[in-house]
Amino acid sequence: MRILKALVATAVAAVVLVMSGCGNSKATYNKDADNVEEFVITLYPEYAPITVDNFEQLVSDGFYNGLTFHRVVENFMAQGGDPKGDGTGGSEKTIKGEFSQNGVTSNTMSHQRGVVSMARSKGYDTATSQFFICYGDCSFLDGQYAAFGKIDEKGMKVIDEFLDVERELNASGELAVPKTPITIENAKIIDNSADGHPRVEFTVSY
């Protein structure tokens, strides 16, 4: 059973968070949503300073406003931040992948429930704007993706509710594509946490 779980984890990692290409057209707002909720991401520049700086800049520029969470997989993760809305887009700027397989050993942040990390394509330095939020223990991704933030349990209740949205299969055969858009209505930088970490607040509708 342990071997099977390891094989499944490896297979999932192979198709996870893959993105390619760039795009500038943004998804439309979801005006017919039943729910509008907020969650806060606390950022950790001590682990991934380049990633945090890029994320904050995109938020400040309003890049995420109107985009969606295009991939929601139970017991795995919710992925968003793609201007094309299908997993193939991103912002114009690529950044260094701050994880150990890319020579950044200082990023020891593990992919656990609530952790936010950057999606990328096959190249190590290909992350742009897409990010994902872990639903549970995704530590098999450690060292391969740049974890840079965390959502507390209050916020994760919102992320958990994404799973209540009816989904259909994506090209990889995952039950992952929301039939009703999960839209980022607004993303903004808010006051630092009590211990001085930068924070970003997302308002989402679904």
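The values are calculated or read from the model by the stated rules, or taken from the named source; none is laboratory data. All of these numbers come straight from a predicted model, not from anything done at the bench. Glycine gets a Cβ as well: all are built from the backbone with ideal geometry, and neighbour counts include every protein chain shown.
Observations, loosely collected:
- Top-ranked residue in segment 187-200 [being in contact with a helix residue (DSSP H, G or I) (Cβ under 9 Å, 6 or more places away or on another chain) and among the hydrophobic types (A, V, I, L, M, F, W, C); ranked as surrounded by the fewest Cβ atoms within 10 Å (Cβ to Cβ)]: ILE189
- Cross-chain or 6+ apart pairs with Cβ under 6 Å, segment 33-51 first and assigned to a loop (DSSP other than H, G, I, E, B), then among the small types (Gly, Ala, Ser): ALA33/SER205; ALA48/ALA146
- All positions within segment 28-50 that are surrounded by fewer than 19 Cβ atoms within 10 Å (Cβ to Cβ), over 15 Å from THR203 (Cα atoms) and of a type in the set (A, V, I, L, M): ILE50
- Among residues of segment 103-120, those that are surrounded by fewer than 18 Cβ atoms within 10 Å (Cβ to Cβ) and either without any contact (Cβ under 8 Å) to a residue 40 or more places away in the chain or more than 14 Å from ILE50 (Cα to Cα) (or both), counted: 6
- Residue selected from segment 122-177 under the condition out of contact with any strand residue (DSSP E or B) (no Cβ under 8 Å at 6 or more places or on another chain) and aromatic (Phe, Trp, Tyr), by the criterion nearest to ASN102 (Cα to Cα): TYR124
- So GLY87, is it closer than 24 Å to GLY143 by Cβ, in contact (Cβ under 8 Å) with a residue 12 or more places away in the chain and in contact with a His (Cβ under 7 Å, 6 or more places away or on another chain): yes
- Counting only residues that are outside any loop (DSSP other than H, G, I, E, B), of a type in the set (A, V, I, L, M) and surrounded by 16 or more Cβ atoms within 10 Å (Cβ to Cβ), segment 140-186 holds 8 of them.
- If the condition is being closer than 19 Å to GLY149 by Cα, assigned to a loop (DSSP other than H, G, I, E, B) and not charged (D, E, K, R), then segment 76-86 contributes PHE76, GLY81.
- For segment 79-91, the condition holds for at least one residue, the condition being that it is hydroxyl-bearing (Ser, Thr, Tyr) and at pLDDT 95 or above.
- Residue check for THR183: in contact (Cβ under 8 Å) with a residue 12 or more places away in the chain, within 15 Å of GLY80 (Cα to Cα), among the hydroxyl-bearing types (Ser, Thr, Tyr) and touching a Gly at 6+ places or on another chain (Cβ under 9 Å): yes
- One residue from ASP61, ASP53, ASP82 being surrounded by 24 or more Cβ atoms within 10 Å (Cβ to Cβ) and under 20 Å from VAL200 (Cβ atoms): ASP82
- Single residue of segment 111-139 satisfying the filter (of a type in the set (A, V, I, L, M, F, W, C) and part of a loop (DSSP other than H, G, I, E, B)) that is nearest to ASP82 (Cα to Cα): ALA119
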